[in-house]
Amino acid sequence: MNAWANAIAYQLVWFAAIWGASSGHWWLAPAALLPFAAWVLGRPEGGADALLMPIAVLLGAMLDSSLAASGLVAYASPVPFVHAAPLWILAIWAAFALTLRHSFRFLHGRALLAAVLGAVGAPMAYLGAARGWNAVDFPLGTTPAVIALAAGWAVAMPLLVRLAVRVEHTSTPRPARGEAHVA
């Protein structure tokens, strides 16, 4: 799969989710996720991506729900609960899972780089969602929220990348004994 097309499609889901949440249309996120997921999962190797999605969503639910419950982050369109990760954020996590074996392939085997990218990139995305779209707010201040986001994503990103590598290796068919492997 083309990494650039994958990254652009993910960004379209992100923008739909952020704009939808900020305008009270939380359902735009899952609606935008559907064609992206169908495209990625419909490919012959899509089964590996399908395995990553629920794990990424669970991790995202834990991370974003802890941010909401602590009061560090408040989400626009907080469906289903104010103190939990909203459905639109979970749709973003599901879409993000679909980038791990494609757009973020360059991070495979590079845990430190994945941690740094997570610690820097994720807070920037949340700040963009807050400042540009009012989709998130930082009730206790920007600094504590950014620190918590950086710490959470510094752990989450390498964990998800490592999982993507593991899923890829276990789901890739191995040639039968004596057969040559054709890549």
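Table: residues versus (1) modelled with pLDDT of 95 or more; (2) touching a Pro at 6+ places or on another chain (Cβ under 7 Å); (3) not aliphatic (A, V, I, L, M).
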| site | (1), (2), (3) |
| --- | --- |
| L28 | yes, no, no |
| P35 | yes, no, yes |
| A38 | yes, no, no |
| L51 | yes, no, no |
| L63 | yes, no, no |
| P78 | yes, yes, yes |
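For region 89-110, taking the residues that are aromatic (F, W, Y) and over 15 Å from A21 (Cα atoms), the one that is nearest to the chain's Cα centre (by Cα) is identified as F96.
This table checks each residue for (1) at pLDDT 95 or above; (2) among the aromatic types (F, W, Y); (3) under 20 Å from P30 (Cα atoms); (4) not in a loop (DSSP other than H, G, I, E, B).
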{"position": "A85", "(1), (2), (3), (4)": "yes, no, yes, no"}
{"position": "I92", "(1), (2), (3), (4)": "yes, no, yes, yes"}
{"position": "H102", "(1), (2), (3), (4)": "yes, no, no, no"}
{"position": "L127", "(1), (2), (3), (4)": "yes, no, no, yes"}
{"position": "A151", "(1), (2), (3), (4)": "yes, no, no, yes"}
{"position": "M157", "(1), (2), (3), (4)": "yes, no, no, yes"}
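Total residues in region 60-88 satisfying the condition of being over 14 Å from the mean Cα position of the chain (by Cα) and not β-branched (V, I, T): the figure is 17. For H25, the conditions (1) touching a His at 6+ places or on another chain (Cβ under 8 Å); (2) outside any helix (DSSP H, G or I) all hold with the exception of (1). Here F138 fulfils each of the conditions (1) surrounded by 19 or more Cβ atoms within 10 Å (Cβ to Cβ); (2) within 18 Å of the chain's Cα centre (by Cα) apart from (2). Comparison of A29, A5, A9, A37 shows that the only residue that is farther than 19 Å from M157 by Cβ, more than 15 Å from the chain's Cα centre (by Cα) and not hydroxyl-bearing (S, T, Y) is A5. Checked against (1) closer than 16 Å to I92 by Cβ; (2) buried (at least 17 other Cβ atoms within 10 Å of the Cβ), L34 passes all but condition (2). Please tell me if A76 is crowded, with 20+ Cβ neighbours inside 10 Å and small (G, A, S). In short, yes. Taking region 111-135 as the range and being over 16 Å from the mean Cα position of the chain (by Cα), surrounded by fewer than 14 Cβ atoms within 10 Å (Cβ to Cβ) and under 26 Å from V165 (Cβ atoms) as the test, only L112 passes.
The values are calculated or read from the model by the stated rules, or taken from the named source; none is laboratory data. Predicted, not measured: the structure shown is a model, and the values here were computed from it. Glycine also receives a Cβ, built like all others from the backbone with ideal geometry; neighbour counts cover every protein chain displayed.
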